[in-house]
1. Are any residues in segment A:193-207 assigned to a helix (DSSP H, G or I), facing another protein chain (nearest Cβ under 7 Å) and surrounded by fewer than 20 Cβ atoms within 10 Å (Cβ to Cβ), and if so, which ones?
2. I'm trying to understand the selection: among the residues of segment A:143-162, which are more than 10 Å from every other protein chain (Cβ to nearest Cβ) and either over 24 Å from B:ASP179 (Cβ atoms) or not small (Gly, Ala, Ser) (or both)?
3. If you check every pair at least six apart or on different chains, which have Cβ atoms under 6 Å apart with a residue in segment B:235-248 that is surrounded by fewer than 18 Cβ atoms within 10 Å (Cβ to Cβ) first and a residue that is aliphatic (A, V, I, L, M) second?
4. Just name the residue that is farthest from B:SER153 (Cα to Cα) out of those in segment A:180-192 that are free of Cβ contacts under 8 Å to residues at least 40 places away in the same chain and assigned to a helix (DSSP H, G or I).
5. Mind listing just one residue for me: the one in segment A:168-182 that is facing chain B (nearest Cβ under 7 Å) and over 24 Å from B:LEU191 (Cβ atoms) and, of those, surrounded by the fewest Cβ atoms within 10 Å (Cβ to Cβ)?
6. For segment B:30-56, give me the residue count where each residue is out of contact with any helix residue (DSSP H, G or I) (no Cβ under 6 Å at 6 or more places or on another chain) and under 17 Å from B:HIS86 (Cα atoms).
7. Would you call A:LEU140 at pLDDT 95 or above, in a helix (DSSP H, G or I), buried (at least 24 other Cβ atoms within 10 Å of the Cβ) and away from chain B (no Cβ under 12 Å)?
8. Looking at B:VAL65, B:VAL104, which is the one that is outside any loop (DSSP other than H, G, I, E, B), of a type outside the set (Ser, Thr, Tyr) and away from chain A (no Cβ under 12 Å)?
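The values are calculated or read from the model by the stated rules, or taken from the named source; none is laboratory data. Keep in mind that this is a model prediction, so the values were computed, not measured. When we count neighbours, we look across all protein chains shown, and the Cβ atoms used for this are built from the backbone with ideal geometry, even at glycine.
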There are 2 protein chains.
Amino acid sequence: MISVVIIGNGNVAYHITKAFLKADNVDVKQVYARSINKIAYLKNSVSITNKLELLKDADVYIISVSDDAIPEVSSMITNKKALVVHTSGSVSLNLLQNKGRKGVFYLLQSFSKSKEVNFEKIPFCLEAKNKKDLALLEELALTIGKKIYHINSQQRQQLHVAAVFVNNFVNHMYKIGNDICDEYNVPFEVLHPLIMETATKIDFLSPKEAQTGPAIRNDQKTIKNHLDLLNENQQEIYKLLTQSIQNG
Amino acid sequence: MISVVIIGNGNVAYHITKAFLKADNVDVKQVYARSINKIAYLKNSVSITNKLELLKDADVYIISVSDDAIPEVSSMITNKKALVVHTSGSVSLNLLQNKGRKGVFYLLQSFSKSKEVNFEKIPFCLEAKNKKDLALLEELALTIGKKIYHINSQQRQQLHVAAVFVNNFVNHMYKIGNDICDEYNVPFEVLHPLIMETATKIDFLSPKEAQTGPAIRNDQKTIKNHLDLLNENQQEIYKLLTQSIQNG
């Protein structure tokens, strides 16, 4: 049985708290939030607090707060025997300011409170300073998940940038597609099957192999026709990405 | 029973031929390809030819060849009673050069010969010059599919540009994500669940509502950190897309 204290009430904290409360081999000792109202819904299931000085003893402290707050919050954890981890994709392990053991417990997925999470499909990216701590984090991750990766701080930073491309920027491509459809009263849903196919395809083809379209074919006629249909901002993006595809 | 002749042997022609041959209310009279070897695999199921002058009579001729070849190929169809359609996303109905009825039978999906197609999920974007022909195309589409849209030539052109954004450019974002992972020996598969989540999310949120990340939060510190990790080409794309997200 691993005992944990969860610090934070953002989307990640919300979902892991819910999952750990249901897990067999985890004892959630306490949940902390700066504003107690935000976690009042938990008060019948677990001890809650808004005072970092009153944190209970636990094996693992999971800090799931905004990136900027991680150093300060971690410095307040006085339990030197415990393992203190954060859940951020972009913060180095070394920015944890507690005096004892340190680690990272990064779940690579986009969370929103309104959407259920299937933890079995989520990659747990784990880091610690020694094998024993890494083993503890693995054991903890496996109480709710299945996919475990050992990812060091530098790799995690790279993953985080890569995630901006495949999540934030991809979503922005959807937004532009939606804008283009709206302008001519075409329902955006017509594009949904293509969007799903594009995402599914890379399960069995590399993105390089999966590339199709006028850019990779260097079909200048179609490229010109397309540019004529776009506004200035869309044109700029179209040109840059076409060039980038052609440069391989 | 609708009789059809299919002209072409690309990915679309390949899959619709297969589907129509199995459909109950369609009689595939003939399949044409410039090179007879490419359709030799069909010779036990259907009449094949490589001579446009020898096309059989049919209710509908489906031209599924490269965009540039559509005018010439359509001009060779002498049957004036039949409905002649092409399957291109970017060619106007009026570029069909046959003397009789004209239409468009555009399947909005990315096809590859090696991958099975579920026609029930594919949007059929139909266009014709009158209601009767549109009804005939609907009837034909419903023998293999379920999702029917009436899309005129201008809307179809717009859809085709939008498809470049949500398919070609999205895939290029995956490619860049993959490149970034490769550089630091992170398995790209770690990002697959996030990629699927990003694609699935827009089924219940608009892309505008679904946008997250450092750009929309205007998190300058993370943006700077990310830029430091990228090569010149990646930086240029990162900057332009960040700006575009911030301009809404």
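1. A:PRO193, A:MET196
2. Within segment A:143-162, A:THR143, A:ILE144, A:GLY145, A:LYS146, A:ILE148, A:HIS150 meet the criteria.
3. Going by the 6 Å Cβ cut-off, the qualifying pairs are B:GLN235/B:LEU227; B:LEU240/A:LEU240; B:GLN246/B:ALA215.
4. Step one: filter segment A:180-192 for residues free of Cβ contacts under 8 Å to residues at least 40 places away in the same chain, giving A:181-192.
Still in the list and also assigned to a helix (DSSP H, G or I): A:181-183, A:188-192.
Values: A:CYS181: 13, A:ASP182: 16, A:GLU183: 14, A:PHE188: 17, A:GLU189: 18, A:VAL190: 15, A:LEU191: 16, A:HIS192: 20 Å.
Restricting to residues being free of Cβ contacts under 8 Å to residues at least 40 places away in the same chain and assigned to a helix (DSSP H, G or I), the top hit is A:HIS192.
5. Going through segment A:168-182, the residues facing chain B (nearest Cβ under 7 Å) turn out to be A:168-178, A:180-181.
Among the residues that remain, those that are also over 24 Å from B:LEU191 (Cβ atoms) are: A:180-181.
Numbers: A:ILE180: 25, A:CYS181: 21.
Within segment A:168-182, the match that is surrounded by the fewest Cβ atoms within 10 Å (Cβ to Cβ) is A:CYS181.
6. The qualifying residues number 5.
7. Here the answer is yes, as A:LEU140 does meet what is asked.
8. B:VAL104
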